[in-house]
Amino acid sequence: MLSSSDSLTEIQRRIDEVKRFLSITLSIANAHTVEFYTHDVWKRFVAVPPEEVLLAVSSGSDQQGEPELKGKEQSRTTFGFCSDTNRLVDTHELLQAAKAHSLPGLGVCWSRDELLQALRESRSEPGAPPAEKGAKLEPDEFMNSKKSHEVQSMSEVVACLAQRCGVKQVIDVGSGKGYLSSFLSLQYGLRVYGIDSSSTNTHGAQERNRKLKKFSRSYQKHTKAVWAQGQATHSPQEEFAEIKPGLTGENDILFGAGGGIMSQEEEALNVLSDVSPAAERHSEPDPETEELFLSALSVDVIQTTSPRIPPSELSTEERERRKRENLERKALNRTDSTSTVFSPLTSYVTAETELRELINELEDAVMVGLHTCGDLAPSTLRMFVAKPELAAVCSVGCCYHLLSEEFDPARQECSRAVCGFPMSQYLRDRSWFCGRNARMSACLIQMESLFYRAVLHVILRDHYSSYKSEKRVGNVYSKAKSFVDYVRRALRRLELDESKLSDSDIQDYLDAYRPRMGEMHAFNMLKVILAPCIEGLILLDRLCYLKEQENLSFSALVQLFDPLLSPRCYAVVGLKSHGNRITS
């Protein structure tokens, strides 16, 4: 029986623990790196040498360290910070506290295997599990190991959720180029609708959809022929069709031994799929087939974050074009519903989005999101709670720095009525906010780039009265050949008079601050230490939001991925009280 191990009260208690820790340490996470030297950030927040911090971080927090500062500031500490001066005096104590206040340390997460086992034990329809436990995808030249790991791991969980709820449809929010969507449809026989705000992504997904339909038909026909001829004992290399791009054309298909090469025209004439949709649903895939599927995907595997433009900001022409495209796809899907891998749709999604306006054939479904950016992850959860046709949700968020915060004092990030953080009424009642710099702490860029920018800020302070300009320097570091070149490019970008400084003047600043580069390195390592705790609070807030809802029977945080392969590895999973009730 599937049961929620942590009650709402328990999750609120964990939130309070993380809040108390962050109330002491967020000052470091929110310190702006650009102002590191102009505001003398190291001396303001840290009372130990940078070398001691780096040594403590590199050696880990397993050993019990002595307080690193003797004298007045050693009197009383909280999480390594002196209670009198609020400066860090014991790095080892901070490391141990950060570990204890991360999600693994709090002990609130399910493992992926625990969730799969519980779902299979409580599924509403009897039968074999939708996927072989332990089936492993090996990365190949068409997909890196990170993407292979994510798609395989998440798809098995989503398929089990669908089977547990007795549904056949999946809605993939922020579907990007459609890798998860295509895998779910091809391997598990689910009808998947992929929604993305970028028309570039959905156009690419549509083309990949066409190629994968051809592959799916070829594979079905070839597999049936092999079994009919009594060749089931042949090796996997002989039994499965394999796509080999670049032989005679992009979409040529090479069969196993003696199969020969078929052109697109021959394949279209000879490969006629007569496998019924019912026979495909929830079938048990073979690892070899999964590898073939990955080989069918485009080389362009890395998803990029496209700007998500609200409908109100789209031109009339763009809105009409997207409407026509969605209508055309719906018409195509109705005429080709038995062979469609998945249906890509272009739409900007919010919690208020009416799904039935996008999907005419909408039935009860599972909503999923793999690394949905910023506010899209909380919007996915709000939509799941509000829409009765959504039976379950599995959401993995990312890009926490792009979250809008309701209680941000600057109120610059949340002009809308509904913000991305906090979601739970528990944290909203306490007006809690993290701050953008704190949320950025897990997204640190190259060290030298940060150092260059901080020294540039000193130059702007010393020589230009407009150093607090609203204009941004932007990404000039990647183009710069040296620090002098970096500064001159930045001054031009800021429209400032670069003739005021000679090359030697600029170089003198670099030489003066280079001995203090270790301070910035150590300070950023402290930010990295705090990042899992900030992420943990954001995810606990989302879980708390689900547990506050009365129509949910199960909700949990689940570690879906190996954090070494995919750092954003936690999913928020929820199920509603439909069908066989799940014990909460």
>> Just to verify a number: FRET efficiency for GLU317 and ALA351, C-beta to C-beta distance, R0 = 35 Å, to 0.05?
In response: 0.85
>> For the range 352-392, what does the accessible surface come to per residue with a 1.4 Å probe? Please give it in Å².
In response: 31
> Length gain on complete extension for the stretch LYS19 to SER83, per 0.36 nm per residue less the alpha carbon to alpha carbon distance?
Replying inline: 21.3 nm
> Once the piece of chain linking SER499 and ARG472 is laid out straight, how much longer is it, given 0.36 nm per residue of separation minus the C-alpha distance between them?
Replying inline: 7.7 nm
> Simple spin-label model, 7 Å along Cα-to-Cβ: TYR464 to ASP113 in nm?
Replying inline: 5.7
>> Can you tell me how the range 487-584 classifies by the Cα gyration tensor, rounded, prolate or oblate, using a/c under 1.5 as the rounded cut?
In response: prolate
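The values are calculated or read from the model by the stated rules, or taken from the named source; none is laboratory data. Keep in mind that what you see is a predicted model, and the values were worked out from it rather than measured. Quick reminder, even Gly has a Cβ in these numbers, built from the backbone with ideal geometry, and neighbours come from all protein chains shown. Please note that ligands, DNA and RNA were not included when accessible areas were found on the heavy atoms of the full protein model with its side chains. Shrake-Rupley method; radii C 1.70, N 1.55, O 1.52, S 1.80 Å.
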